[in-house]
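Following: one structure in structure tokens, then a few remarks.
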Amino acid sequence: MTALSLKNVNKSFGSVHVLKDIDLEVEDGEFVVFVGPSGCGKSTLLRVIAGLEDATSGTVEIAGEEVNTVPPAKRGIAMVFQSYALYPHLTVRGNMALGLKQEGRTKQVIEDRVAEAARMLSLGEYLDRRPSELSGGQRQRVAIGRAVVRQPKLFLFDEPLSNLDAALRMNTRVEIARLHRTLAASMIYVTHDQIEAMTLADKIVVLRDGRVEQVGSPMELYNNPANRFVAGFIGSPAMNFLPAEIVGGKKGQMIGIRPEYLRITDQGRLQATVTHVENLGGDTNVLATTEDGHPVTLRLFGQHSIQPDKIIGLDYDDAKSYLFGEDGERVVVA
Amino acid sequence: MNKARRNPVNIAAAHGILILYTVIALFPVFVILINSFKTRRAIFREPLALPDADSFSTVGYETVFNQGDFFGYFQNSMIVTVASLFFILLFGAMAAFALSEYRFKGNTLMGLYLALGIMIPIRIGTVAILELMVDTGLVNTLWALILVYTAQGLPLAVFILSEFMRQVSDDLKNAGRIDGLSEYTIFFRLVLPLVRPAMATVAVFNMIPIWNDLWFPLILAPAEATKTLTLGSQVFIGQFVTDWNAVLSALGMAILPVMVLYVIFSRQLIRGITSGAVK
Ligand SMILES: Nc1ncnc2c1ncn2[C@@H]1O[C@H](COP(=O)(O)OP(=O)(O)O)[C@@H](O)[C@H]1O
Ligand SMILES: [Mg+2]
């Protein structure tokens, strides 16, 4: 069964066309990540799915039912916001229970579900505190708990980790992945961070300017980007793009090489001057500039001592490089 | 505060200025209060002297209590002020919420129209208002005053409150919608508590002019039963003779309730400011 299906969804704010012809399916139990740069319409799409905004045209179906005119509370969804959005006047328990109370559940059901969620998210000892007495990570766990207790058909997360510091972000990411496994629920997760997208997703949807650029599993997107935008967005450090001319290709085309597939050799097709070296311990990132002034990044495994200003030769396997046409679309070489 | 900034000279100067301002601001109140306890002759001979055994007299207060229905006036003023503030805050906040939260045709125009009232003094329309009140039979009722003051206070209230409501997190309201709260619950339970400091500001701005107003009570509700305190005190001010003892006593007592209301609202103001800062 499909948990969510979007058909031809458009959304305009006045004359600003934010979402353009979005078609999308989310299977039952799937973890789908919407990723794209800030302002590309990810949150707007999520709000349309939640029913907080009306689509200008197109249909939204949740679990096989068209929900275009169904209010958010009746869509069988739950949402976690970037800013936590906890009710400041309620305790943790009250925050989690409110949605169930509104649905008219019995006291016993509410109590059980809150206890279960609190156990799952280790919030047991904070149940009687108010949001202002919690740390950022705890607040976000409460927000997740508030979604979990409703047992929705579809979870929606809008950049839930953006306000957390790096260590907490990692922990919470793992926690969300674990939650997905235990609940086996369908989830849609919005982020601008491609690492979160790669690590969490069954399926990634790359958005740009309100359009779906490509849909696929993380490895599909990494190995087979459909266009230059996706190629540059997925992977870190980002893919290098060089005019194909300088390695003997067609004028106007671009060649894309991932930093991890460039290697240093004496007789390479490229010559570059090292500008900066980042030693990360496990790997080393080398930033360099080619003879004709194009910046390139290499990612070397292990530790290397390379001095800035050194001139290095670079080479790559053709099989590990990508060719993009003038319009940015991938050109598949036969 | 950080130690480096705690320069004793600066502190002394700051406190000096604050104390000076307080003294200047409170001086008229102080003069009113001390003179309300003096004999008429003492008021004119030495207006700044404290009442002593010779000059002490409560004749002013006695006159006030014996002449006219002082408590009635007092009650009228209180009812008018509190009811007007209540309606200004309620309707002002509701309009502000609608303007800041919902996208609808003519939203901006509606906002401008409501704000127009800030620039046009309501007294210009006194004749029309009087005619309206006569036609609706509201003359000489407290409702006449409450309605006029509510209308007078709404424009600024809507203007200030909608600015604050725009700052209330959209996510919070959306979380409420997903949990199935009605728009009224979202407004009363989630949004209003967060704009409490702004509501207190609006209340303080509106309270004093309403309490002190003489114009509309004189025109719309001059009957004995609906006189406000300010209007009631006018009986002591004659064209030729003014009973200063009574005037000062009436004024002295009129200050108290405003002060109580002010203390209530300013608590809210300060609490709002600090709760935002510590978060
Ligand atoms: N309520 C709104 N009114 C007008 N424009 C909006 C509104 N909400 C979002 N937008 C516009 O839609 C675009 C996408 O916004 P958003 O979905 O928040 O992006 P993202 O979440 O991907 O960063 C932005 O250009 C933003 O200015
Ligand atoms: Mg967003």
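Looking at segment B:15-156, I'd like the Rg to Rh ratio, where Rg is from alpha-carbon atoms and Rh is Kirkwood's inverse mean 1/r.
1.15
What ³J(HN,Hα) values, in whole Hz, does the Karplus curve 6.51 cos²θ - 1.76 cosθ + 1.60 give for segment A:159-176 when θ = phi - 60°, with x put for Gly and Pro?
Whole-Hz 3J(HN,Hα) from phi for segment A:159-176: 6, x, 9, 4, 8, 9, 7, 4, 5, 5, 4, 4, 4, 5, 4, 4, 4, 5.
Counting Lys and Arg as +1 and Asp and Glu as -1, each charge on the Cβ, what is the dipole of segment B:67-239 about the Cα centre in debye, to the nearest 20? List each step's numbers first, then the result.
Values: 9 positive and 11 negative charges, 64 e Å.
Once rounded to the nearest 20, the dipole reads 300 debye.
Mind checking how much accessible area A and B bury in total, 1.4 Å probe, in Å² rounded to 100? Display every interim value, and only then the final one.
Working: alone 16020 and 17040 Å², together 31480 Å².
Result for this pair: about 1600 Å² buried.
Which FRET efficiency, nearest 0.05, do A:Glu27 and A:Arg208 yield, Cβ-Cβ r, R0 22 Å? Intermediate results must be reported in sequence, preceding the final value.
Values: r = 24 Å, r/R0 = 1.08.
Rounded to the nearest 0.05, the efficiency is 0.40.
Dimensions of segment B:46-115 along principal axes (Cα, Å, largest first)?
Largest first, segment B:46-115 extends 72, 29, 16 Å along its Cα principal axes.
Semi-axes of the equivalent ellipsoid of the protein assembly as shown: what are they in whole Å, largest first, if each equals the square root of 5 times a C-alpha gyration tensor eigenvalue?
Sorted largest first and rounded, they come to 68, 30, 24 Å.
Sorted from largest down, what three extents in whole angstroms do the Cα atoms of chain B have along their principal axes?
Computed over the Cα atoms, the extents are 73, 67, 31 Å.
May I ask you to list the trypsin sites (Lys or Arg not before Pro) in segment A:288-327 that are in a DSSP loop and have at most 12 other Cβ atoms within 10 Å of their Cβ?
Of the trypsin sites (Lys or Arg not before Pro), not one in the loops of segment A:288-327 has a Cβ with at most 12 other Cβ atoms within 10 Å.
Under a point spin-label approximation (7 Å from Cα along Cα-to-Cβ), what is the B:Tyr102-B:Asn7 distance to one decimal in nm?
In this crude label model, B:Tyr102 to B:Asn7 measures out at 5.5 nm.
Please grab the % of Cα pairs in segment A:96-155 that end up more than 19 Å from each other.
Details: 445 of 1770 pairs.
Across segment A:96-155, Cα pairs with separations above 19 Å total 25 percent.
Under the classification rounded if a/c is under 1.5, otherwise prolate if a/b is larger than b/c and oblate if not, where does segment A:2-230 fall, given a ≥ b ≥ c as square roots of the Cα gyration tensor eigenvalues?
Prolate, since a/c reaches 1.5 and a/b exceeds b/c.
Mind checking which helices in chain B clear 20 Å along their axis (Cα) and have mean Kyte-Doolittle hydropathy of -1.0 or more, DSSP H runs only?
Span-like helices here: B:8-35, B:70-101, B:142-166, B:196-212, B:244-278.
Only bridges with both residues in the protein assembly as shown count here: give the DSSP antiparallel percent, nearest 5. Let's see the in-between values first.
Working: 52 of 70 bridges.
DSSP beta bridges in the protein assembly as shown are roughly 75 percent antiparallel.
Just A:Ile306, A:Ile110, A:Ile257 to compare: in a GNM of chain A, with alpha carbon springs under 10 Å, which one fluctuates most?
A:Ile306
Could you work out how far apart the two model spin labels at A:Asp266 and B:Gln67 are, taking each label as a point 7 Å from the Cα in the direction of the beta carbon, and quote it in nm?
11.7 nm
With every protein chain present, what is the per residue accessible area of the protein assembly as shown (1.4 Å probe, Å²)? Mind showing how you got there, number by number?
Working: 31480 Å² over 613 residues.
In whole numbers, the protein assembly as shown has 51 Å² accessible per residue.
In nm, give the distance between the simple-model label positions of B:Thr58 and A:Thr2, each being 7 Å from the Cα along the Cα-to-Cβ direction.
Taking the simple label geometry, B:Thr58 and A:Thr2 are separated by 8.6 nm.
Please compute the volume of the convex hull spanned by the alpha-carbon atoms of segment B:136-240 and report it per residue in Å³.
Normalising the Cα hull of segment B:136-240 by residue number yields 130 Å³.
So, in Å, what gap is there between the alpha-carbon centers of segment A:311-334 and segment B:84-109?
58 Å
Just name one of B:Val59, B:Ile43, B:Ile32: the one whose Cα is farthest towards the positive end of the charge dipole of segment B:3-59 (beta-carbon charges, Lys/Arg +1, Asp/Glu -1).
Of the options given, the answer is B:Ile32.
Using a Gaussian network model on chain B with a 10 Å cutoff between Cα atoms, which of B:Asp135, B:Asp52, B:Asp179 fluctuates the most?
In this elastic network of chain B, the residue with the biggest mean-square fluctuation among B:Asp135, B:Asp52, B:Asp179 is B:Asp179.
Would you please calculate the Kirkwood hydrodynamic radius of segment A:146-266 over all C-alpha pairs and express it in Å, rounded to one decimal?
Mean inverse Cα-Cα distance, inverted, gives 16.6 Å.
Compute the length gained on full extension between A:Lys101 and A:Gln307: take 0.36 nm times their separation in residues and subtract their Cα-Cα distance, giving the result in nm to one decimal.
67.7 nm
Among rounded, prolate and oblate, which fits segment B:72-189 when a ≥ b ≥ c are the square roots of the eigenvalues of its C-alpha gyration tensor, a/c under 1.5 means rounded, and a/b larger than b/c means prolate?
Numbers: a/c = 2.75, a/b = 1.80, b/c = 1.53.
It comes out prolate by the Cα gyration axes.
Of all alpha-carbon pairs in segment B:180-279, indicate the percentage at a distance above 22 angstrom.
Details: 2564 of 4950 pairs.
It works out to 52 percent of all Cα pairs.
Can you tell me which lysines have their Cα less than 21 Å from the Cα of A:Lys107? Leave out same-chain residues fewer than eight positions away.
Of all the lysines, those that pass the test against A:Lys107 - Cα under 21 Å, at least 8 places apart if same chain - are A:Lys74.
I'd like the mean, over residues of A:80-91, of how many other protein chain beta carbons sit within 10 Å of each residue's own Cβ.
4
Tell me, what are the semi-axes, in whole angstrom and largest first, of the equivalent ellipsoid of segment A:32-72 as set by the roots of 5 times the Cα gyration tensor eigenvalues?
Rounded to whole Å, the semi-axes are 20, 11, 8.
Remind me, what semi-axes does segment A:61-126 give for its equivalent ellipsoid, largest first in whole Å, using sqrt of 5 times each Cα gyration tensor eigenvalue?
With the √(5λ) rule applied to segment A:61-126, the semi-axes are 24, 15, 12 Å.
To the nearest 0.05, how large is the calculated FRET efficiency for B:Ile208 and B:Leu116 if R₀ is 22 Å and r is the Cβ-Cβ distance?
It comes to 0.40.
What Kirkwood hydrodynamic radius, in Å, does segment A:21-112 give when the mean of 1/r is taken over all pairs of distinct Cα atoms and then inverted?
The Cα-based Kirkwood calculation yields 15.5 Å.
When the Debye formula is applied to the Cα atoms of segment B:3-59, each taken as the same point scatterer, what base-10 log of I(q)/I(0) results at q = 0.13, 0.27 Å⁻¹?
Results for segment B:3-59 at q = 0.13, 0.27 Å⁻¹ read -0.49, -0.97.
Distance between the C-alpha centers of segment A:248-286 and segment A:101-122? Whole Å please.
If we compute the Cα centre of each part, the gap is 54 Å.
Rg to Rh for segment A:240-331: what is it, with Cα atoms only and Rh by Kirkwood? Don't skip to the answer; put the middle values down first.
Values: Rg = 13.3 Å, Rh = 13.5 Å.
The Rg/Rh ratio comes out at 0.98.
The values are calculated or read from the model by the stated rules, or taken from the named source; none is laboratory data. In this text the structure is predicted, and so the values were computed from the model without any measurement. Don't worry about glycine lacking a Cβ; one is built from the backbone with ideal geometry, like all the others, and counts go over all protein chains shown. We work out accessible area using only protein heavy atoms, side chains counted, and drop any ligands, DNA or RNA first. Shrake-Rupley method; radii C 1.70, N 1.55, O 1.52, S 1.80 Å.
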